[in-house]
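Read-outs: derived from the displayed coordinates by stated rules, not from any lab. Note that this is a predicted model, so its numbers are computed, not measured. Here the Cβ is made from the backbone with ideal geometry for all residues, glycine too, and neighbour counts use every protein chain on show.
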Amino acid sequence: MSQVDRYKPYKGAAAGWGALIAVTRNWLGSENALKNIRAMLKTNQNGGFDCPGCAWGESPENGMVKFCENGAKAVNWEATGRLVDPAFFNKYSVSALAEQSDYWLEYQGRLTHPMRYEAATDRYVETTWDEAFATIARHLNALESPDQAEFYTSGRASNEAAFLYQLFVRAYGTNNFPDCSNMCHEASAVSMIESLGVGKGTVVFDDLEHADAIFVIGQNPGTNHPRMLEPLREAVKRGAQVICINPLKERGLERFQHPQHPIEMLMNGSEPTNTAYFRPALGGDMAVMRGMVKFLLQWEREAQVSGGEPVFDHAFIAEHTSGMGAYLGEVDATSWEHIEQQSGMSLADIELAARMYARAKRVIMCWAMGLTQHTHSVPTLQEVINLMLLRGNVGRPGAGLSPVRGHSNVQGDRTMGINELAPTELLDALEKRFSFKPPREHGHNTVMAIGAMEQGRSKVFIALGGNFAQATPDTPRTHAALRKCDLTVHIATKLNRSHLVTGREALILPCLGRTDIDMQAEGPQGVTVEDTFSMIHISHGQLKPKSKHLLSEPAIIAGIAAATLGKHPIDWNWAIGDYGRIRNMIADTIPGFEDFNRRLLHPGGFHMPNDAARRIWKTASGKAQFAPSVLPEHLISEGVRNLAVKPHLILQTMRSHDQYNTTLYGLDDRYRGVYGMRDVVFANEQDIRRLGFEPGQKVDLVALWDDERERRVSGFTLIAYDIPAGQAAAYYPETNPLVPLESYGDRTFTPTSKFVAIRLEQAKASNLISTSAA
Ligand SMILES: Nc1nc2c(c(=O)[nH]1)N[C@H]1C(S)=C(S)[C@@H](COP(=O)(O)OP(=O)(O)OC[C@H]3O[C@@H](n4cnc5c(=O)[nH]c(N)nc54)[C@H](O)[C@@H]3O)O[C@H]1N2
Ligand SMILES: Nc1nc2c(c(=O)[nH]1)N[C@H]1C(S)=C(S)[C@@H](COP(=O)(O)OP(=O)(O)OC[C@H]3O[C@@H](n4cnc5c(=O)[nH]c(N)nc54)[C@H](O)[C@@H]3O)O[C@H]1N2
Ligand SMILES: [Mo]
C-alpha cells in the first residue's frame, strides 16, 4: 500500500461491525480461535476470569456477559498457541532480536522456560527455577544496601501477587517501588487525597445510570475502555448530557454501535455517545475548569442580587468544605483573557459547558491520561474537584469523581501496598502482623529509579510484569541506565524489548497469565483484582498452561523471597499452597479487607468502602478542601521558553486502537483511519503547510529541552488531521525518546507524555546525524 492508501478516514460508528470484523480477524490469526471463544464467554463472569484488559467495572447486579473488541484482543493475545521456547532463543542472539520491532517480539508467543542471559554467546539459555532464584538471592544479598535494588510493578499483577511482593521487598529492606501508576493516575491520587482524603474514584457503576451530566475529559474510551461506551450511550438516550472535552474528535465519543445488539447491527444504525464536544488546547483543561467556575460565580452573584435560585450548594459548602473564600479570591484574580488564551476554547464555549454543568443536578466527571500527564496535573484535577464541590457533586448518588484507571489491577496494586511513599498505617500493620521492622524512608518512583540506575546507585532491577524499557521516558537514556545494572530480571508472559536491554546478568522468568489455570499444592487457585469502581472480585483462569515450566506470579515471588530471606518473615512456600492464606494476611493488614475470603463468595465480589463517597473527609482540615491554585502563567517550561529556537508544535503521545500500552496487537488505528503503520504524526494541514511541509511527507520529530541531549525520532509520516492548530499527536511508545526524564508533573513525577514541545525537520537518512534544532 502507498502512504496515501494507508490513511482513510473512518466512516463507521465505534464498536459494532467494525469491531466484530477486527476481532474475528484477530481470532483467525490465532491458532486457538475456538478455545479462545470459549474463554471469551467466561470473561468478567462469575466463575470466569477478569478481563486482562482495562480496569473498567460492571454493575454487580447485571449478570450479562460483557466483552469488547479490545478485551477480546487482550484475551486472545495472552491465549496464543505460539511459543517462545529455548529453541527460539537458540536461533536468535539478543542483538538479533533487538533488531526486530516491538510488534514482532511479542507476536512470537508465550514464554515457556526460565532463561538466563549468557554474555559470551549473547544468547538467552535455559536455566532452572532454583538456579534463577539463587542468582537473584546472591545479587540481592551482596548489595551494600537494599536501597540499591529497584522493584517495578506493572498493573496487571493480582492482589495476591502484589501483596506478597511488597511483603518480600519490605522484609528485604526497601520501599523502592517504581510502578506503572507513577506514569499513569498518580496525579489523580495526589490531588484527591489532598482535597478529599481518598485517592480513588467516588462513583460506582450504578451512579452512571443516575447522572444528569457525565463529563469525559482527556479520555478515549472507544479504544481504551470500550465497555464504557454503552453506559454513555444509555445516558444520552435517557436525556442526560454527555460532555466530552478532548482536542481530538475521538470516534468512540461520537457514535457507538452495540456489538451485542442485533437490531442495531442489522440496520447498521448507531447512536450518539455525546451531546457536546469541546476541543481545548493541550494542557488547557485547568483554564477550562477555572473559566466554568468563573461563570458559575458570576451567576451566583447575580442570583444573590436578584433573589433567584442560588447556583452554589450552600448547605453542602457550609457543612462539608473548607477554603472556598480563598479559592474564589483566586478565581476573581484570574483574568478572562488568561483563561481564553490558555484553554484554547472561546469564552462562549466555556460558558456553554458551565451552563450544562449548572443545569444538571447530578454530575459525574470522568478523566484519564489527557489530564494526568501534564506538569500541572495536580492543580488541574483540583480545579475539577473545586468545580464539583461548589454544587455538592461529591458523595451523592449519580454524582462524583471518576478517574478511569488503566491496567486491570493497577488500583488494587496500590491498595496492596505497592507504593514508594508507604503509608505509616500500612507499615505499622506489617510490623505488628509479621514482627519485622519495615523500612520507613520513602523509596524510588519510576523517574527516580531511572536516575538511580543511570548514576550507578541502583544495581539490581526486578520487574513484576510490564515493559519498563519502552513505557518510560527518554528511551536511549533509560536503556543505558538498565544496561549499567549488575542484574535485570523480568517476570513476564511474553517477550518484549525490556528483556533485551540486559544488565551484566539477566533473567526472564515466564509466568502464568490471568487466563491460565493456576494449580498449587491445595488445588486450582483464583486471584483477586480491584476495578476502577473499587469492586473486588475473584478471577479463575480457564485455559491449560502453555508449558509445564510456567509458575504463577505468587510462586515466583515466593521462590525469590525464600532464596533471599529463608523463612523470614513467613514460610513463603506454605503461603502459596492456597492463596486463601495470602488473603488472610491481607485481611489482617489492609483496611477494608476484613473477612476477605468469606466476602469473596458473594457473586460479583464486594465494594471497598470509600470515605469521600460517604462524605467523610480524611483531609488535614477534616473537610473537603478547596484548592486555591494559581493558573500557570505559561504551560511551556521556562527552560524551553528561553531557548533560541521556538517549538513548532506541542505533541501528545497516545494509544492507537490496536495496542495495549507497549503491546501492539496490530498496526492499524481504525477509528483514526490509519492502516499498517505507526510511525505517523497527526497535525493540522494549515500547520503542516505553514511550517513548510506537505501532508504525507516524512519528517523527524525533535524535542526541545534545555539540556545538551538530542531527542529525535526519525521518518514519521505527516498526516493532515482534524486537530486544533499548534498541536500534534503521535503514538507511544515510539515517541518516548522525545520525553525528557526531567519533564514530569509537579508532585507526581509523572512524565509529561501529553505535552512535549517539538520541532519538525526534513527526515534525515540516519539517526546518527546530530544537528541542533536550529
Ligand atoms: N485497548 C487498550 N485499552 C487500554 C490501554 C491500551 O493501551 N489499549 N491502556 C490502559 C491504560 S494503562 C490506561 S492509563 C488507559 C489510558 O486511557 P486514555 O487516557 O484514554 O489513553 P490515551 O490514548 O493516552 O488517550 C488520551 C486521550 O486524552 C486526550 N488528550 C490528550 N491530551 C489532552 C489534554 O491536554 N486535555 C484533554 N482534555 N484531552 C487530552 C487525547 O486526545 C486522547 O483522546 O487505558 C487502559 N486501557
Ligand atoms: N509516552 C507515553 N508513555 C507512557 C504512556 C503514555 O501515554 N505516553 N502511558 C503510561 C501508562 S498510563 C502506563 S500504565 C505505562 C505502562 O507501562 P507497563 O505496565 O510497564 O507496560 P505494558 O505495555 O502494559 O507491559 C506489557 C508487558 O507486560 C507483560 N505481561 C502481560 N501480561 C502479564 C501478566 O499477566 N503477568 C506478567 N508478569 N507480565 C505480563 C508482557 O510481557 C508485556 O510485554 O506506560 C506509560 N508510558
Ligand atoms: Mo496506565
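Ordering Tyr92, Trp299, Thr273 by Cα displacement along the dipole of the chain toward the positive end leaves Tyr92 in first place; charges were set at the Cβ atoms of Lys, Arg (+1) and Asp, Glu (-1).
Along region 278-292 the Karplus relation, 6.51 cos²θ - 1.76 cosθ + 1.60 evaluated at θ = phi - 60°, assigns HN-Hα couplings of 10, 10, x, 6, 4, x, x, 5, 5, 5, 4, 5, 4, x, 4 Hz to successive residues, with x for each Gly and Pro.
Database remark: amide H of Tyr277 closer than 5 angstrom to the amide H of Cys244 (H placed geometrically; neighbours at sequence offset of 5 or more, or on other chains; Pro and chain starts carry no H).
So, R0 is 35 Å and r is the distance between the beta-carbons of Lys237 and Tyr103; what FRET efficiency does that work out to, to 0.05?
Values: r = 38 Å, r/R0 = 1.10.
It comes to 0.35.
Please work out the Kirkwood hydrodynamic radius for region 186-403, using every pair of different C-alpha atoms, and report it in angstroms with one decimal place.
On the way: mean 1/r = 0.0565 Å⁻¹.
Hydrodynamic radius (Kirkwood, Cα only) of region 186-403 equals 17.7 Å.
In this structure the amide hydrogen of Ala757, modeled in the peptide plane, comes within under 5 Å of the amide hydrogens of Leu651, Leu704, none closer than 5 places in sequence on its chain. For Tyr665, the residues whose amide H sits under 5 Å from its own are Gln659, Tyr660, ignoring neighbours fewer than 5 places away on the same chain, with H placed 1.01 Å from N. When region 335-427 is described by a simple charge dipole with +1 on each Lys and Arg Cβ and -1 on each Asp and Glu Cβ, the residue from Gly417, His376, Val363 located farthest towards its positive end is Val363.
For the pair Val125 and Asn90, the difference between a 0.36 nm per residue extended length and the Cα-Cα distance amounts to 11.9 nm. Computed about its Cα centre, the charge dipole of the chain is approximately 1160 debye, with only Lys, Arg, Asp and Glu carrying charge at their Cβ.
Dipole orientation for region 445-539: of the candidates Ser534, Gln470, Ala481, Ala481 has the Cα lying most toward the positive pole (charges on Cβ; Lys, Arg +1; Asp, Glu -1).
Using only the Cα atoms, work out Rg/Rh for the chain, with Rh taken as the Kirkwood radius, to two decimals.
On the way: Rg = 25.3 Å, Rh = 26.7 Å.
Taking Rg over the Kirkwood Rh, I get 0.95.
A 22 angstrom limit on the alpha carbon distance is what I want to check against. Which of Lys294/Lys754; Lys623/Lys754; Lys544/Lys567; Lys73/Lys698; Lys8/Lys698 exceed it? Distance filter (> 22 Å) returns Lys294/Lys754; Lys623/Lys754; Lys544/Lys567; Lys73/Lys698. Which distance in Å, rounded to a whole number, links the C-alpha centroids of region 702-724 and region 549-625? The distance from the Cα centre of region 702-724 to that of region 549-625 comes to 43 Å.
Work out the FRET efficiency for Lys544 and Ala480 from their Cβ-Cβ distance, taking R0 = 45 Å, and round it to the nearest 0.05.
Between Lys544 and Ala480 the formula returns 0.65.
Considering only beta bridges that DSSP places wholly inside the chain, some 45 percent are antiparallel.
When ranked by the protection proxy of mean other Cβ atoms within 10 Å per residue, highest first, what sequence do the peptides 178-191, 598-611 form? Kindly include the intermediate steps, with their values, before the conclusion.
On the way: 178-191: 27.1, 598-611: 15.6.
Answer by packing, highest mean first, reads 178-191, 598-611.
Residues in region 467-473 carry Karplus couplings, in order, of 9, 4, 5, 9, 6, 8, x Hz; the curve used is 6.51 cos²θ - 1.76 cosθ + 1.60 with θ = phi - 60°, and Gly or Pro positions show x. A simple rule links phi to the HN-Hα coupling: the Karplus curve 6.51 cos²θ - 1.76 cosθ + 1.60 with θ = phi - 60°, which for region 145-157 gives 9, x, 6, 8, 10, 10, 10, 7, 10, 9, x, 8, 4 Hz, with x for Gly and Pro.
Computed about its Cα centre, the charge dipole of region 186-403 is approximately 420 debye, with only Lys, Arg, Asp and Glu carrying charge at their Cβ. Each helix, a run of at least 4 DSSP H residues, gives -39500 (n - 2.57); summed and divided by the residues of the chain, these come to -9500 deg cm²/dmol at 222 nm. At an R0 of 22 angstrom, the distance between the Cβ atoms of Val305 and Asp332 translates into a FRET efficiency of 0.85.
Loop only by DSSP, 16 or fewer other Cβ within 10 Å of the Cβ. Give me the GluC sites (Glu not before Pro) in region 189-246 that pass, ordered by residue number.
Answer in residue order: Glu209.
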